[in-house]
Amino acid sequence: MATTPPFLHSINPNPLTQASSRLPDDTVFYSIYPDNSFSQDSLQSLHLQILNSVSPFVSSYIWQHEPFTLSISFHPFPHLQGRLRFGDNLNDEWFTVFLLFQISLSFPSLSIQVHDSDGEFLLIEAAYHLPRWLNPENSKNRTFIRRGKLHIIPKSSLANPTVIESLKFLTEIGQAAVAPDSIQSVIQSRIAGYPEKAKLNTHTVRVRVPVTVAQVLKHRPSLISLAVEGFYDRDLDSMKHAAKMEQFLKGGKDVEMVSVAVKMSRAMYAQLMQQRFQAPKCYPMPPKKGDLEAELGMKIACGFEMMYQEKKKEGEEGKGSDWKMYKESLEKSGYFKGLMEKAEEYYRNSSLFPNTGEMLNAPVRQIDEILSLPYSADDFKNKDIPHSDDDSWLYSGEEELNSVLLDRQKEMELYELKHKKKSKEQQGTDASSSSKGEDFDLSELVKTMQGFIHKVSSYEGAEVPVDRDPKEVELDVESFMKDVESVIKYQGDENLTGDVDEEGTSDMDFDESEDGSDMSDREDGEDSFMHSYSDVMNDELKSTTLKKSFVHANEQTSNKNEGTSNATEDMEEEFSPVDVDVNLVKNLLDSFSCQQGLPGPTSNLLGLMGVKLPKDDSKGK
C-alpha cells in the first residue's frame, strides 16, 4: 500500500481564496511584496517595470480566459496583486508560475506569494519531498518565491507567521528559508520549457466564418478566448441570442462567408470539438455535411454572438466600469491626493498591458469600434491561408498521460523507499529491547488496555492513559462536576482492571447470580423482554462458529477431563464464560502479527499508551 506524505493527508483551501464565494474554482492568485515601503510614485513605477519585463513572454500568447495582469492593492499595505482564471487549461496556471519566477529573478528585492483555489499548490506538487512538520494547517504565509527560488519559512523560526512577519524574516535572513534542492527541482521541472512550451500549446485551425467575425479576429485575435468561453459555457438565455445572431449576421443568410486561420489554445480547440451543436436556422451552413471548417466557424460565430450580447447586458464597458471602480478606490484611500490626471495616465499605461487586457475588459466597445471600420469580404480573399495543424494530439494523449503517471510512480517509490529505510533504522535502535521478548509482561498490557477503556475522555476524542505533568492547571467547575459524576457511577470499580475471582472471570461480566434468584425477584416487563430476546439470540448464535472465535475460561481444564460425556461438555461450554483478558491479548497479538513489522492500528494505539510489543522473530525461523 502506497504511503501518503503528510501534506496530502488533508488539503484545505487557503483562507485567502475564500474571500469571495463568487470566484471560480479554477483561479490562481498572486501577490508581490517589495522589501521596502514604496512611495506612490515608486510603486507605480515598479508596476509598469514588471509589466514591461514580462511583455516579451506574453505578447503572442493566447490565454484561456484572462491575461496576466497586476494591480495596486492597499490592504494590508501597498503592494501588487493579481488573479487569473485558467479554466480547463492548466498550462495557463503554470505559465503564470513561470512568469512569477522570472519577475523574482529580475527584481531581487521582491517576495511573491502564489496559491490557487486548492491552496498552496506548489507544496502539493512537491508533497513527496516536504519536511514532516509541514501540513496544510500550518502552511499559511509560509511559502514565497524570491530570487528565483522557493522559500519556506521554518516552523522553528515562526510557528504561526503573519505576512508581515514572514516578509521581515525573508528580508533579514531569507537564506535560512530556501527550500531544499529536491523541492526546487520538482517545481523547476514543472515550469521547465516555458515560454517555448506555451507556444507549443497553441493550435491553428482553418475555419469559415461570417465576414464580421473575420474582421474582429483580424484586429483582435485574442478575443477568440471570450468567444470559445461564450460557446462552451452557454445556457438557455445566451442560446436565445445565438438563435437571432443580431450582431454578427445582420444581413441574415446573405452575409458573405470567408476562410481564415484562427490561433487558439489546445484546450479551446478541444472544447469546440467535443461538443455537438445544432446550427441556428438563420445561420448559412453548406449543404454538404461533415464540413469541419464550416462547423467550427459556426461554433465560433455563435460564441461571439452570445458573448457580445451577454457582456452588453452586463454593461462591462472598459473604462466605463473599471476606471470608475479604480478611481473610487483611489479617492477613498486618498492615495493620489487629488492628482487625478496623473492617476488616469498611469491607469491608461497599465491597462494597455497586455493588449489583450484591454480587449478582455472592454469587448463590447472594441467590437463596435472594429465593425464600424470599412471592410468587405474581398479583404480576406486571395490570401495564403495556412492549413489546420495536426490534431492527432487530441486522440493520442495516452502516451503523455502514462509518462506523467510514471513520473509520479517514481516519486512514490522513492518516498516509500526513504520511509522504509528510516523505519528499519528505528527498528535497529530498538533491537536490544526487542530481543527481550520473553521478559514482556502481558498482564501489564491487559491493565493498560482496561485503563484506556474505562478512562473518561473529552469531546475531542479518546485520551490515552499516559502520565502527564502539566505546567499549568486550570479548574473548570462544570467539567469537574461531570467527572465526579462519572467517578461515582463507576465507584464499584475501584481497580481499573476489575476484581478477578478464582475462576479467572471479571466481576463485571455478569449482572445476575448463578441461580438467577435475585433477577427473578426484580424482573419486570422490560427485563422479561430482554431475557427472552437474549435467549433467542443465543440460540441463533449456537448454530454459528462465532463462539469458536473466543477463548473460554475453562478451555484448558476441559481438555484434561477426557472421561467426561459429550452432554457434560456441551453444558459446560454453554455456561463457560469468555475469558476477556486472554481474548484481549490474543486479538492484539494476532493484529500486531498481521502488520508484519509495518505501522498499523495495534502498534499505533499501544505506542500512544507507552507499550511496545516485542518483535515476532518466529516468522523468520
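The values are calculated or read from the model by the stated rules, or taken from the named source; none is laboratory data. Everything quoted here is computed from the prediction, not taken from an experiment. All Cβ positions, even for glycine, are placed from backbone atoms using ideal geometry, and neighbour counts span all protein chains on display. Calculation scope for accessible area: heavy atoms of the full protein, side chains included, ligands and nucleic acids excluded. Shrake-Rupley method; radii C 1.70, N 1.55, O 1.52, S 1.80 Å.
Looking only at residues in the stretch 212-225 that are assigned to a helix (DSSP H, G or I) and open to solvent by 10 Å² or more (accessible area, probe 1.4 Å), the one that is farthest from Val258 (Cα to Cα) is Ser222.
From the list Gly119, Gly87, Gly148, pick out the single residue that is on the phi > 0 side of the Ramachandran plot and buried (at least 22 other Cβ atoms within 10 Å of the Cβ).
Working: Gly119 fails: buried (at least 22 other Cβ atoms within 10 Å of the Cβ); Gly148 fails: buried (at least 22 other Cβ atoms within 10 Å of the Cβ).
Gly87 is the lone residue from the list that is on the phi > 0 side of the Ramachandran plot and buried (at least 22 other Cβ atoms within 10 Å of the Cβ).
When the residues of the stretch 35-70 are narrowed to those that are in contact with a helix residue (DSSP H, G or I) (Cβ under 8 Å, 6 or more places away or on another chain) and without any contact (Cβ under 8 Å) to a residue 60 or more places away in the chain, which ends up farthest from Lys197 (Cα to Cα)? The selected residue is Phe38.
No other residue among Ala242, Ala179 is crowded, with 16+ Cβ neighbours inside 10 Å, under 30 Å from the mean Cα position of the chain (by Cα) and aliphatic (A, V, I, L, M) apart from Ala179. Every condition in (1) surrounded by 15 or more Cβ atoms within 10 Å (Cβ to Cβ); (2) out of contact with any Pro (no Cβ under 9 Å at 6 or more places or on another chain); (3) in a helix (DSSP H, G or I) is met by Gln247 except one, and the failing one is (3).
When the stretch 273-297 is examined, which residues are found to be open to solvent by 60 Å² or more (accessible area, probe 1.4 Å) and of a type in the set (A, V, I, L, M)? Selection gives Met285, Leu292.
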